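Laboratory data are not the source of any read-out in this text; all were calculated from the coordinates shown. Remember, predicted model here, so these are calculated numbers, not experimental data. No Cβ is skipped: glycine too gets one built from the backbone with ideal geometry, and neighbour counts run over all protein chains shown.
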Amino acid sequence: SIIPISGETVLDRNGKEIEIKEQLHKDSKGGEGIVYKASNGKLCKIYFKEKITDLRIDKLKLMQANQIKIANVIWPESILYNFNKEPVGCLMKEAPSDCVDMLRIHRRDLLEKYFPNFKRKDLVGLCIKILKTFKRLHYYNVIVGDVNPSNILVTPQGVPYFIDTDSYQIEKFPCPVGKPHFTSPDIQHTRLDQILQNQEHENFAIISLIFMTLLPGKAPFSYIGGGSPTQNVRNRNFP
């Protein structure tokens, strides 16, 4: 298939033309594809050719047909096609432009730089909003799977936005990716693309995320003189 790039045109599910604008930002090229701004004010995620599989497209069709209306969850709205009618990506809305990822909250120096007015109660409030979002996703039987601070953006007012949702686990389609130190020890030695995670697996990742949010600069499985965080997770070694 022909993979479109910036300046070229794609078609949405209804055959409407959308021009691919500039790359969203320098970090918007990931392991699966590139995120661009779109001419209709939304975002286009265009996959690398080798990442376009029947399984991925079947999953996107299911997500397209089952729109989850949670305001702060950036859900795929439409599969995007090239002019040969081959699927090449997905269309989604853009999170507010003043968002930054949670990595900037989990480091004390970056927290003070990007959220200078944040107090303890603001961190607690953010955690509550994050937990409520997970609860709503779980209500729809959706498992995030790849829980990590890069996939949640936060506004200066402390509103979280969940992104990279096309990797989420939905029905029979697993989440194929994940960060080792956010992955439950029960599935550490398993290929994530070959299993369906449950809410207990997800809870491990959520607890780790909340820990790092309430204690900026600290990770739950890191300690002086200890092994790597990933090894500590696998060994269930929580100091």
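Helices in the chain that qualify as membrane-span-like (whole DSSP H runs, Cα extent of at least 27 Å along the helix axis, mean Kyte-Doolittle hydropathy of -1.0 or higher) are 120-139.
Give me the number: length gained by fully extending Lys113 to Ser39, i.e. 0.36 nm times residue separation minus the C-alpha to C-alpha distance, one decimal in nm. Can you show the working numbers first?
On the way: separation 74, 0.36 × 74 = 26.64 nm, distance 3.25 nm.
Value of the extension gain: 23.4 nm.
For the residue pairs Lys45/Lys93; Lys42/Lys85; Lys21/Lys93; Lys16/Lys69, alpha carbon separations beyond 19 Å are given by Lys42/Lys85; Lys16/Lys69.
Suppose every Lys and Arg Cβ carries +1 and every Asp and Glu Cβ carries -1, with no other charges. What dipole size does the range 1-98 come out with about its Cα centre, to the nearest 20 debye? Walk me through the numbers before you get to the answer.
On the way: 16 positive and 14 negative charges, 36 e Å.
Approximately 180 debye in magnitude.
Could you size up the charge dipole of the chain around its Cα centre, putting +1 on the beta carbon of Lys and Arg and -1 on that of Asp and Glu, and report it in debye to the nearest 20?
Using Cβ point charges on Lys, Arg, Asp and Glu, the chain gives about 660 debye.
Backbone amide hydrogens, once placed in the peptide plane, bring Gly89 within less than 5 Å of Tyr47, Leu80, excluding anything fewer than 5 places away on its chain. Listed by chain and number, the aspartates and glutamates whose alpha-carbon sits under 15 Å from that of Lys135, ignoring those within fewer than 8 places in the same chain, are Glu200, Glu202. Using the empirical formula 2.2 N^0.38 Å as the baseline, the Cα radius of gyration of the chain reaches a ratio of 1.05.
Dividing the alpha-carbon Rg of the range 100-234 by 2.2 N^0.38 Å yields what? Before the final figure, lay out the partial values.
Working: Rg = 14.9 Å, N = 135, 2.2 N^0.38 = 14.2 Å.
Against the empirical 2.2 N^0.38 Å value, I get 1.05 for the range 100-234.
With n ≥ 4 as the cut-off for DSSP H runs, can you work out [θ] at 222 nm for the chain, using -39500 (n - 2.57) per run divided by the number of residues, rounded to the nearest 500? If you can, show how the numbers build up before the last one.
Working: 6 runs with 65 residues, N = 239.
The helix contribution divided over the chain gives -8000 deg cm²/dmol.
Counting only DSSP beta bridges with both residues in the chain, the antiparallel share comes to about 95 percent. Ordering Asn198, Pro160, Cys175 by the projection of their Cα atoms onto the charge dipole of the range 100-234, which places +1 on the Cβ of Lys and Arg and -1 on the Cβ of Asp and Glu, puts Pro160 at the extreme positive end.
Across the options Val10, Asn82, Phe115, the greatest Cα extent toward the positive end of the charge dipole of the chain (unit charges at beta carbon of Lys, Arg, Asp, Glu) belongs to Phe115.
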